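Undergrad: Just passing along the structure, written as structure tokens.
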Amino acid sequence: MPDLTPQYCPLCATALQLREEHGQRRPSCPNCHFIHFADPKVAVGVLVSDEAGRLLYTKRAHQPAMGRWAFPSGFVDRGEEIRVAACRELREETGLEVELDALLGVYSREGDPVVFIVFAGHPCGGALEAGSEALEVAFFAAEQLPPPAFPFDAAILGAWREWRGA
């Protein structure tokens, strides 16, 4: 992935310098004192279960984990409310409308700029169909799930099982 750290001040166009600012080395402007803070990227996911307790997965059509089965997920647009983003991402990837039932957790790890917010939900409309970011969509029995695609998948499944009382 390319380094997206700005090289020039967005306020006065002076070359930024790495300086100690607020406890970390950050690109800072020696002219106008602008400081660049690398903010996290927020993603949302939804564990959708049907009446039989099966979980909805998508076969990813893009990196990372292209070709692997994963929970429907995606990035929150700037200014978008996270619950709206979760429902939008699910609809775009699976064709289903969803009602969110519970917040399962917020996941992050040191060095990773993504903060992942995960909900539990159930379908309430639409038609199951793979969107442009999914090669396939399918429900899987909770005891026959595909191998985890991402580091937090086991913890997220544990939170879902605890929420369901299973």
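The values are calculated or read from the model by the stated rules, or taken from the named source; none is laboratory data. All of these numbers come straight from a predicted model, not from anything done at the bench. Cβ atoms come from the backbone with ideal geometry, glycine included; neighbour counts cover every protein chain shown. What goes into the accessible areas is simple: the full protein's heavy atoms, side chains included, and nothing from ligands, DNA or RNA. Shrake-Rupley method; radii C 1.70, N 1.55, O 1.52, S 1.80 Å.
Undergrad: Please give the calculated 222 nm ellipticity per residue for the chain, where each DSSP H segment of at least 4 residues contributes -39500 (n - 2.57) and the sum is spread over every residue; nearest 500 deg cm²/dmol?
TA: -4500 deg cm²/dmol
Undergrad: Considering only region 16-166, what is the antiparallel percent among its DSSP beta bridges, to the nearest 5?
TA: Among the beta bridges of region 16-166, antiparallel pairing accounts for roughly 80 percent.
Undergrad: Distance from a point 7 Å along Cα→Cβ of Glu136 to each backbone N in region 50-74: keep the residues under 13 Å and list them by number.
TA: 57-61, 67-70
Undergrad: Could you check which residue among Ala38, Ala154, Ala130 shows the biggest mean-square fluctuation in a GNM of the chain with a 10 Å Cα cutoff?
TA: In the Gaussian network model the winner is Ala38.
Undergrad: Residue by residue, what Karplus-based ³J(HN,Hα) values in Hz, rounded to whole numbers, does region 28-33 have, using 6.51, -1.76 and 1.60 with θ = phi - 60° and x for Gly and Pro?
TA: The phi angles translate into 9, 8, x, 8, 10, 6 Hz.
Undergrad: What distance in nm lies between label points placed 7 Å from Cα along the C-beta direction at Arg83 and Phe34?
TA: Result: 3.7 nm between the two label points.
Undergrad: Another question about this same structure. Calculate, in nm to one decimal, what Arg25 and Val114 gain on full extension: separation in residues at 0.36 nm each, minus their alpha carbon distance. Spell out each step's value before the answer.
TA: Details: separation 89, 0.36 × 89 = 32.04 nm, distance 1.99 nm.
Using 0.36 nm per residue and subtracting the Cα-Cα distance, I get 30.0 nm.
Undergrad: What residue among Gln17, Gln63, Gln144 shows peak mean-square fluctuation when the chain is described by a Gaussian network model with Cα springs under 10 Å?
TA: So, out of Gln17, Gln63, Gln144, the one fluctuating most is Gln17.
Undergrad: From the square roots a ≥ b ≥ c of the eigenvalues of the alpha-carbon gyration tensor of region 1-63, which class results: rounded (a/c under 1.5), prolate (a/b over b/c), or oblate? Walk me through the intermediate numbers first.
TA: Values: a/c = 4.61, a/b = 3.23, b/c = 1.43.
It comes out prolate by the Cα gyration axes.
Undergrad: Further, regarding this structure: Enter the accessible area per residue of region 64-166 (Å², integer; probe 1.4 Å; all protein chains in place). Each step should come with its number before you reach the end.
TA: On the way: 5680 Å² over 103 residues.
Here the per-residue accessible area is 55 Å².
Undergrad: For the chain, what % of the accessible area comes from carbon and sulfur atoms, probe 1.4 Å?
TA: Taking all protein chains in place, the chain shows 53 percent carbon and sulfur surface.
Undergrad: Please list, in chain and number order, the residues 5+ apart from Leu104 or on another chain whose amide H is under 5 Å from its amide H, with Hs placed from the backbone.
TA: When sequence neighbours closer than 5 places are left aside, the close amide H contacts are Val118, Phe119, Ala120.
Undergrad: Taking the chain as the reference, fit the longest principal axis to its C-alpha atoms, fit the long axis of helix 153-164 to the helix C-alpha atoms, and give the angle between the two in degrees, 0 to 90, nearest 10.
TA: Between helix and principal axis, roughly 50 degrees.
Undergrad: When the chain is treated as a GNM, springs tying every alpha-carbon pair under 10 Å, which of Pro40, Pro147, Pro27 comes out with the largest mean-square fluctuation?
TA: Sorting by GNM fluctuation, first place goes to Pro27.
Undergrad: Can you give the local net charge around Gly131? Use residues other than it whose beta-carbon is closer than 12 angstrom to its beta-carbon, Lys and Arg +1, Asp and Glu -1. Present the calculation step by step, with values, prior to reporting the outcome.
TA: Values: positive: Lys59, Arg60, Arg88, Arg91; negative: Glu89, Glu92, Glu93, Glu129, Glu133, Glu136.
Surrounding charge for Gly131 is -2.
Undergrad: What's the angle, to the nearest 10 degrees (0 to 90), between helix 82-94's Cα axis and the longest principal axis of the chain?
TA: The answer is roughly 60 degrees.
Undergrad: Determine the relative contact order of region 21-166: mean sequence separation of Cα pairs under 8 Å and six or more apart, normalised by residue count, in whole percent.
TA: Working: 279 pairs, mean separation 40.2, N = 146.
Value for region 21-166: 28 percent.
Undergrad: Ordered by packing density, taken as the mean number of other Cβ atoms within 10 Å over each peptide's residues, highest first, how do 3-16, 100-113, 44-57, 71-84 rank? Before the final figure, lay out the partial values.
TA: Numbers: 3-16: 11.7, 100-113: 13.6, 44-57: 19.1, 71-84: 15.2.
Highest-to-lowest ranking by the protection proxy: 44-57, 71-84, 100-113, 3-16.
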